[in-house]
Structure formats: structure tokens, C-alpha cells
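Please treat every number below as a calculation from the coordinates, not as lab data. On a predicted model such as this, the values are computed, not experimentally measured, just so you know. Here the Cβ positions follow ideal geometry from the backbone for every residue, glycine too, while neighbour counts run over all protein chains shown.
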């Protein structure tokens, strides 16, 4: 039995070594913030292909390296809430401000007012500095050219155009349970109906048979529309222009009744391990230093800072469009109730 | 032996062997830490509100009619996938075992069948989206159909069957191969028709295997999160995706955990059925005594042609999906610009390099530890007697039987704060893999050790070999396949799993599968396809190496691969 015993002994030793190995991993493979002084940790809600160039430019400008991981707005917020007592990151970057508004109630953020604070219009900043806007992102209608042509339609220019029978089962838009895009859309419908909730919900219920799929993420429907798997949809302009840039034949249009826009935010987390570095990123991101780079990297957000000029081709797209901001107070106060009603009456009638 | 006697024998056994005692102690500590503790923390979160006990959170979610519908949908889908997948798996297994196919054709079938099993999640789902629907390659371009909907029960069902039927195939094929064809031959020579032989001899002998395959598929479908997330649409919500949405969309951790717990009941029932009922009813066992094989043609040439055609049709669908995937990884933008490019591969090897590196490091560390954990625990519970042996075996299976979403959330809750601050490290992902997929190695070890007739070891000793030589030359080679199988499964799952680990990735450690999901939601289809192709290539390479190693031990390697479950 010696061999068995020797085998078991070495096996036991190996297993006992597991925690040691864990320590070794800790020490060698995990870059601990304590060691790397000029490293900032960030959850980005912006997709990697936009966040990465921004953070590289930030490093060039300040020498501060940004470690980041990308999550959708819902995942990012769920994580920040789960990690509340011991935050893993310093800054929450990008994503619609209504996500940040939801986080204020959870006590997630450390108020901070960057130098740009005074220059920003009120709707681009939280009064106490819980969040600051870094960009603005209007909604648009996006339709597939071939679908429009085959059905003898024109690119939709009114909310009511989307009710046409030709669109039956051919629209894709975001699911209000997971997507800020959807919440902005629903509040847009409320706004164009004069905040008459019953009228707005009547419209959404009438639209329901034309909706093929409510997607998990705001941009989830852009590829199907690009491919013609869906005929049209309602998206943020940044996603719609990205689809067009990829080569898909789509048309962007605006409803004459008007459509809402949502600001994208940034915030410092309460209990952040590197608050000073986090503030530097917020200073940079809310200033023309970052927002002037959108055009260079073909990021089609509208800059939030008034000193940054709108890029000409983006300005051409927005020419003549009727765009209104969503009232943050009204939306914040009614969001949960409206979304619950949407789930009960529109999504699962 | 009465209870005291058994206790005494057990404790004496431990006292006699300090190495065993130490190993048992360490294993219990690890199980308590990585299986029991997270689950207890999750339960505490579900059942308390500001420190007070309450079932209100649970009740609110479970009485919601939409969630009840999702629960019903989950069961319906699992039932359908279980049935259809078992039938399809049997078709392939029967054709492979009885069809007298040439070697190259068998290999071709194996490859086609393994593809969906070793792929990252979403791959079939995405291919489905491209192929069906209003402008699908098949529905529109090929068949000219209009207004077809791709989202819903039908396509989720179709996609899951294609993804999971290989489990049934791998369960049934060794079983059919092991049925002594002499028995069938005898029935045939006694005048029974081929159909009668099949119906009265072959099929009854396969029934336990069919039941086993059905339960495995049922569990796999029940826990599947990736396919419904893409394909189920709004008309057919299922529970794992609802739990995910509850947490990530409505920021309701308690509700999400409660929904996961609703999945626990059927998952556990299936697991216990499979473990304690079906596995006891296997009629075919491997003994040392060989029997001469009389050739017997159990299927007629016409039947053989029909079976082959059916298999070829299914294999063709699988291959078509993967060709589409490969194609998507090599063109600028599928559906818009079909110019050839290597750009997506450049992207994944630059921007995605960290994910690839992290995934490989984690898989490489989890692999040997998972394999070792499997044989050690398997060996101890089979060959050593100590207190709580059965309990240990059962506890070790918990993370394996639970849907991944539950395990992931439980780890996130349990390990975010001191004293056990593991979130953000690779260790939390590695531990998740070891305790979630290591059980395959445990089961393989137990099964192999139980098959070793005591007479084999006795014979060895009777012929003059010492116990050391016997262990080294008889026992060890017999459990080595289990070691490599366990190791292989942990590796494959480390490369392809997402349901648990989507909650465990961090700033420092990310995974390829999470990148794929992100790319899909950001409509970067090319990089998603390129990542998937890379994963399939790596996994196939590793399987080939493990197969080679197993071959050295001249032992059947297919058997333990049947448990490549989860998602």
C-alpha cells in the first residue's frame, strides 16, 4: 500500500497547495492597484471600440493608464451595486444618464463638480454633481432601403408611419427592461402625446403587432435592420450611423412630431480606491479635450460641452430634425411605474 | 454491522491512514468554501431583507404570471429537446455502431457531431438568425419565403436540439457498441426478423441509456441561457434568461436569485433520477471475460441507406452552420460587404489578445487542478471508507447540477467582501470551473473503479505482484482515462462556458465567451465569428491531444465525454 499512500500524500499536498497557488496568482498575475500608482479602473458602458481610443488619448495626455472592462448599462449597474461595499473600479464611464439616475438612489456615487461644470447647460449635469454628461445621443428612425422600396414606402417621417400594415412583424427596438434606449423611446412617445399616458400607451399597443422583437440592448436591432431581417427600428443615432458606416444600406429619418435625446454620463464611485485619478478622468472627459476627439474617431455622439463644434457630416444628418430633451425630473419620478406598465400592457398583454 | 461498528471501522480506517484523513479534511474544507458557502450566502440573500427573514421577495417573483409562464416554457422546451435530441442521438449512435461504416465516415460523423458540443455558445443561434427570418439565406434567398419569423419556440428548439443531441450520441454509442451482437445474432438465427430483433432485443437493452440521454438533455436545455437569449424572442420567455434580465435589467438581485431557485427543483429532480435510478439499471457492463463476436447484420442494406441519408442530412446542417460562421469571420460585413478580409482575426489578436491570454491561462490552470480533484475525490469515495463519504459525493455534485446562472450569482455574492475577497481575481473563475466541471472526472473515476472487478487486483497479487505494482500497473492505468477525461471536460468548458462566468469576469480577468457576447450585442459579427472559430480550433486540438494520450492507455475515452453539459 506504500505507493497508494505516497500517491494520496502527494495528491493531498497538491490540493493543500491550491490556496497557496491562489496567493501566487494574487501576487503575480493580478495587477493590484496598490502597486501600479498611476492606474485607474473603469467600467465602460461605451463599447470597446469607442472607449479604447478615448482612454489611450487620456493616457497620452496625462500619463494615467486606464484599465477598463465593458458592460452593457444594466450589467454595469448591477455589478456596481453588488460591489457597493467594496468597489472594484473608480469611475463609471458612458451610458445613458438615466442609468446613473438609478444609481443615485443606491448611493453609489461620490458627487464631484469638474471645471466644466459651470459651462454645461443644466440638463447635462446633475445639480449636486452625482453625474456629469459627456455627450448627447438623439434617437432616430432607421429603415432598410430595400424593404422600403419593395413595399412602396418612404422612410418614416412620423410616429404614425410605423403603424402601417407593411411593417407588420418587421420592426425591432429595444426592451425597456434592459435598455436605456427603450426608456428614452417610451418617454419620447409620452412627450409627443403631451404626457397623456393613456394616449401614449394606446399608440404603443397599436405598434406592438408590428414589432418583431424587443432586443436586450439598444443597438441589438441595428444589424437585423441592416440585413433586412427587420424593416425598420428606433435607435440612438450613434448606433444607426455606425450601421451605415459598416456598409449596410439604411436610411436615417426623424419623426416630424419630434423625438427624444439622452445624455451620456460619467460618475465617480463612492469608496473609489483612486479618487484623485478618477477626478482627472472626469475633468478630461467633460471638457473639449475629449469631446473634440469624437470626430477623429468617427464616434457620432453630439458633444455635450458647448465649446465643441458639431462635426459637419453629423450636423447634416441632424439638419432640420426636431429633437427634444427628456425631462430628467419627470422621467426619474415616473420611470419605474411607466416601465412596469409597459411590461404589463405592451410586452406581455 | 451496527452503526457504532461502522463508525468505529470508518474512523479506524482514517486513523490508520493519515494521508487519507488529510485529503478528506482538505476536500471537505474546499467543498465547504466553494460549494456550500456560496449557496448559503445566496439563500440568505433571497430569504432576508435588511436582516429579517422573509419569503416576500421569493413569493413576489414566483406568483408573477409571466414568470410562471416562463417556468412552464422552460419545462416544455426541455421536454421537447430531451425527446427529439434523444431520438436524433440514437439515430446517429445506431448508425455508427451497427451501420458497418468505413473508418473515415465514422470520423466524419464524430467531427460533425462534436462541433456543436465544443463550440462557444451563440454560434448555432447566430447561424439560425442568418439562415431563417424575413431575409434569411435559407428562407428568403433559397426558398423565397416572406414574412417568416425566426424568434420563438421553433427556432430555439431546433437550435438546442442541434447543440445538445451530441450528448445523447455520446451516451448511446458506447452502450450500443457494448451490446453483445451474439445476442442479436441468436435471435436472428432463431427466425426473428431484423425489425423484431431490434424491437425485442436491441431496444430493451438500450432503454436505460435512452432514459439517461433524455435526462441529460433535459437538464442541459433547462440550464441553457445563450440560445434563448438570442432566439426565444418576446413570445417565449424562459427562466434562465428571465433570471439574467431580472438582475442585469431590473437590478433585482433578489428576484433573479429567486427565479434561479425555481430552476433548482426540476434540475435537482432530474439529477437525482439520473444518478440513483437510471445509472443503477445499466444492463451492459464491461467485464474481463471476452466473448467471440459473430458478425451479424442487424440492419438491411436498404435500411442502412436510409439511416445514412438521415445522418448525412443532419450532419450537413451542422456543417453548413459552421461554414457560415467561418465565412462570417472572413468577410468585411456579412450581408453587406462580402469582400475577403483578415481584419477580424487581426482585431481579435490585438484588441482581443488579453481575453485570449486570460482564457488560456485560466483554462490551463483549471485543467490539471480539476482533473486531480476529480480522481482524488472519486478514488476516496469509492475505495476508502470514512464518515460522510456519501454526503461528500453528493455535495461535490451540487455545482454541477445547478444551472450556471445560480452558481455565478452565488459566487459573486459570497466572494466580493473580506474575508474571502476573490472577485476580480482569476482564482474565482478557476474555482468556479473546478467545482462546476470537475465532477465529470469524479463520476468517470467512480465508474471506472466500480468496473474493476476485485478479481483483477487479486489476480495480479496472486501472480506475485506486490500491492504497489498492482496499483501502478492495474489500478492507475484504469483511472488515468478518468483523469484525462475530467481534465478535458474542465478545459473545454473553461473555453466555452458563459452562464456562470459572465458574472465573474473583471477588470483584470476576462474571457473569450464574454467578448463574443459583447461583440454580438455591438453588431461586430466578424470578430464574434473569428473568436468562435478560434475557440473551436483550440478545443479540437486539445481533444485530439487528449485522445492521443487516452489511446496510450488503450481505454475507451468516449464514455466520460458524455457529460460535457452546461453552458
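Per-residue packing, averaged as other Cβ atoms within 10 Å, sorts the ranges A:219-229, B:483-493 into the order B:483-493, A:219-229, beginning with the highest. Peptide B:414-427 shows a mean partner chain C-beta count of 4 within 10 Å per residue C-beta. Per residue, the convex hull spanned by the Cα atoms of the range B:142-197 measures out at 153 cubic angstrom.
Scaling the Cα radius of gyration of the range B:28-147 by the globular reference 2.2 N^0.38 Å produces a ratio of 1.70.
Here is the P(r) of the range A:190-248: all C-alpha pair distances, binned every 5 Å from 0, give 4, 17, 22, 19, 17, 13, 6, 2 in whole percents. Taking every DSSP bridge with both residues inside chain A, close to 55 percent are antiparallel.
Multiplying the residue separation of residue B:55 and residue B:357 by 0.36 nm and subtracting their alpha-carbon distance yields 104.4 nm. Note on residue A:198 and residue A:324: with the Förster distance fixed at 22 Å, the Cβ-Cβ geometry gives a FRET efficiency of about 0.55. The alpha carbon radius of gyration of the range A:23-176, expressed as a multiple of 2.2 N^0.38 Å, is 1.40. Let me know the shape class of the range B:407-477, please: from the alpha-carbon gyration tensor, a ≥ b ≥ c as square roots of the eigenvalues, rounded when a/c is under 1.5, otherwise prolate if a/b is greater than b/c, or oblate. Prolate is the answer for the range B:407-477, as a/c is 1.5 or above and a/b outweighs b/c.
Based on the Cα coordinates of the range A:40-116, what is the per residue volume of their convex hull in Å³? Enclosed volume per residue, from the Cα hull, is 101 Å³.
Centre-to-centre, using Cα atoms only, the range A:180-195 and the range B:469-535 are separated by 43 Å.
Each label was represented as a point 7 Å from its Cα along the Cα-to-Cβ direction; for residue A:313 and residue B:75 these points are 5.6 nm apart. Distance between the 7 Å Cα→Cβ label points at residue B:541 and residue B:106: 2.8 nm.
Shielding by partners for peptide A:204-217, expressed as the average number of C-beta atoms from other protein chains within 10 Å of each residue's C-beta, is 3. For chain A, the longest principal axis of the alpha carbon atoms and the long axis of helix A:275-285 meet at an angle near 30°. Note on the range B:444-526: semi-axes of the ellipsoid equivalent to its C-alpha gyration tensor, largest first and rounded to whole Å, are 47, 11, 9.
Against the longest principal axis of chain A, how steep is helix A:73-82, in degrees 0 to 90 to the nearest 10, with axes from Cα atoms? Its long axis makes an angle of about 40 degrees. Its Cα gyration tensor gives the range B:353-432 an equivalent ellipsoid. The semi-axes, each the square root of 5 times an eigenvalue, are 27, 17, 11 Å from largest down. For chain A, the Cα-based Rg and Dmax, in that order, read 23.4, 87 Å. Taking the DSSP bridge list for the protein assembly as shown and keeping only pairs wholly inside it, about 60 percent are antiparallel.
Panel order for B:432, B:311, by other beta carbons found within 10 Å of each beta carbon, from fewest to most: B:311, B:432. Here the gap between residue A:166 and residue A:106, fully extended at 0.36 nm per residue and compared with their Cα-Cα distance, gives a gain of 17.2 nm. For the segment A:168-177, counting C-beta atoms of other chains within 10 Å of every residue's C-beta and taking the mean gives 2.
From most to least packed by mean Cβ count within 10 Å, the peptides B:216-223, B:190-197, B:69-76, A:186-193 give B:216-223, A:186-193, B:69-76, B:190-197. Once the Cβ-Cβ distance of residue A:337 and residue B:316 is raised to the sixth power relative to R0 = 41 Å, the FRET efficiency obtained is 0.20. If R0 is taken as 25 Å, the Cβ-Cβ distance between residue A:298 and residue B:326 corresponds to a FRET efficiency of 0.30. Ordering of B:264-273, A:295-304 by packing is A:295-304, B:264-273, highest average first (other Cβ atoms within 10 Å, averaged per residue). So how far, in whole Å, is the C-alpha centre of the range B:304-359 from the one of the range A:207-260? The range B:304-359 and the range A:207-260 have Cα centres spaced 26 Å from each other. Here the range A:300-319 is scanned for amide nitrogen atoms under 16 Å from the site 7 Å beyond the Cα of residue A:118 along Cα-to-Cβ, giving A:306-307. Would you mind classifying the range A:253-305 by shape? Square roots of the alpha carbon gyration tensor eigenvalues, ordered a ≥ b ≥ c; an a/c under 1.5 is rounded, otherwise it is prolate if a/b is larger than b/c and oblate if not. It comes out oblate by the Cα gyration axes. If you bin all the Cα-Cα distances of the protein assembly as shown at 10 Å, starting from zero, the percentages per bin are 2, 11, 21, 24, 19, 12, 7, 3, 1, 0. Report the extension gain between residue B:463 and residue B:548 in nm, rounded to one decimal, defined as 0.36 nm multiplied by the number of residues separating them, less their alpha carbon distance. Answer, rounded to one decimal: 27.5 nm.
Averaging over all projection directions, the Cα-based convex hull of the range A:204-349 occupies 11.6 nm² in the image plane. Stokes-Einstein diffusion for the range B:175-237 at 4 °C, viscosity 1.567 mPa s, with a Kirkwood radius from C-alpha pairs, works out to 89 µm²/s. Compared with the dominant Cα axis of chain A, that is its longest principal axis, helix A:328-341 is turned about 90°. For the range B:289-416, what Kirkwood radius comes out of the mean inverse Cα-Cα distance, in Å? Hydrodynamic radius (Kirkwood, Cα only) of the range B:289-416 equals 21.4 Å. Between residue B:340 and residue B:308, the simple label model (points 7 Å from Cα in the Cβ direction) yields a spacing of 3.4 nm. Counting Cα-Cα pairs of chain B in 10 Å increments starting at 0 gives whole-percent bin shares of 3, 16, 27, 27, 17, 8, 2, 0. Computed over Cα pairs, the Kirkwood radius of the range B:88-175 leads via Stokes-Einstein (1.002 mPa s, 20 °C) to a diffusion coefficient of 148 µm² per second. For chain A, modelled as a GNM whose springs connect Cα atoms under 10 angstrom apart, the maximal fluctuation among A:182, A:285, A:245 occurs at A:245. Let me test this: with uniform point scatterers at the alpha carbons of the range A:91-164, what is the Debye-based log₁₀ I(q)/I(0) at q = 0.18, 0.25 1/Å? Listed by q, the Debye log ratios stand at -0.73, -1.16.
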